[in-house]
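K.L.:
Provided herewith is a single structure, encoded as structure tokens, for subsequent inquiry.
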Amino acid sequence: MMSTIVIPKMQKIDYIAKEENLSGEYEINYFSFKNKLHRLIWGGVYIIFFKYSPVPMFGYRNFILSLFGARLGKNVRIYPSAKIWMPRNLTIGNNSSIGPRALIYNQGSIYIGNDSIISQDVTICASTHDYNKRDHPLILKNVEIGNRVWLCAESFVGPGVQVFDGAVLGARAVAKRNLSSWSVYDGNPCNKLKERVNNE
């Protein structure tokens, strides 16, 4: 049975929204000056203090991320080469990890639950564009990753996707729709292969 994932909304002060629809997606005209300044400062801190820090210094990197608004649980392990676009749009539960060179492209918010593994070179993208409109506006769509999820190496999770508890997304697989709980997916676009055994 699918569990409900609750994710906090972005603060509207971060951007100028042209429209908010019922599903919580935001069509963006432009980001605010405050947003741009925050990202500029974060980019400098990331390069100087985060990206080249020794791998075992997980607590140190968590502290830096929390200074920029990330909400992190206990024993979170984020590798130094992981790239996080906007820390304050990131929420991670206990005992979860983000592997080397993973891209957390969180213009919209990204929530990761407890005991989940985001493997090396994974991309999670929380935004897209409306290609049917002339000005090609940016659309923010929150991404929600549940508990005990495994996103395997080089997999991709697209905007607005919910990955429910216990789901597995295979290496280089692409998820553009919700993934059911305790199921294994693979392929591009991904298809369900089988049920995953829940040993707890």
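Read the figures in this text as sums done on the coordinates, not as results from a lab. Predicted model only: the values in this text are computed from it and were never measured. Using ideal geometry, Cβ is built from the backbone for each residue, glycine included, and neighbour counts are taken over all protein chains shown.
K.L.:
Using a 10 Å cut-off on Cβ atoms, rank the peptides 106-112, 51-57 from the highest mean neighbour count down. List each step's numbers first, then the result.
P.N.:
Details: 106-112: 24.9, 51-57: 11.4.
Sorting 106-112, 51-57 by mean packing, highest first, produces 106-112, 51-57.
K.L.:
Among 130, 121, 165, which one shows the highest mean-square fluctuation when the chain is modelled as a Gaussian network with alpha-carbon springs under 10 Å?
P.N.:
It is 130.
K.L.:
Further, regarding this structure: Subtract the Cα-Cα distance of residue 132 and residue 33 from 0.36 nm times their separation in residues, and report this length gain in nm to one decimal. Show your work: numbers first, answer last.
P.N.:
Values: separation 99, 0.36 × 99 = 35.64 nm, distance 2.71 nm.
Length gained between residue 132 and residue 33: 32.9 nm.
K.L.:
Something else: Roughly how many debye, to the nearest 20, is the charge dipole of the chain about its Cα centre, given +1 on each Lys and Arg Cβ, -1 on each Asp and Glu Cβ, and no other charges?
P.N.:
Details: 24 positive and 15 negative charges, 91 e Å.
Once rounded to the nearest 20, the dipole reads 440 debye.
K.L.:
I need 179, 103 ordered by Cβ neighbour count within 10 Å, fewest first. Intermediate values should be presented prior to the final figure.
P.N.:
On the way: 179 25, 103 17.
Fewest-to-most Cβ neighbours within 10 Å comes out as 103, 179.
K.L.:
Tell me the net charge near residue 52. Cut-off is 15 Å between Cβ atoms, residue 52 excluded, with +1 for each Lys or Arg and -1 for each Asp or Glu. Don't skip to the answer; put the middle values down first.
P.N.:
Numbers: positive: 51, 61, 83, 101; negative: none.
Computed value for this residue: +4.
K.L.:
What residues from the stretch 95-116 fall in the zone where the backbone N is under 11 Å from a label point 7 Å along the Cα-to-C-beta line of residue 74?
P.N.:
Counting backbone N atoms under 11 Å from the label point, the list is 95.
K.L.:
Identify which of 178, 147, 132 has the largest mean-square fluctuation in a Gaussian network model of the chain, with springs joining Cα atoms closer than 10 Å.
P.N.:
Top of the fluctuation ranking is 132.
K.L.:
How high is the relative contact order of the chain, in percent, counting Cα pairs under 8 Å that sit 6 or more residues apart?
P.N.:
On the way: 525 pairs, mean separation 27.6, N = 200.
Averaging sequence separation for qualifying contacts and normalising by length gives 14 percent for the chain.
K.L.:
Can you give the Kirkwood hydrodynamic radius of the chain from its Cα pairs, in Å with one decimal?
P.N.:
17.1
K.L.:
How much of the DSSP beta bridge set in the chain is antiparallel, as a percent to the nearest 5?
P.N.:
Details: 15 of 45 bridges.
Approximately 35 percent, going by the DSSP bridge assignments.
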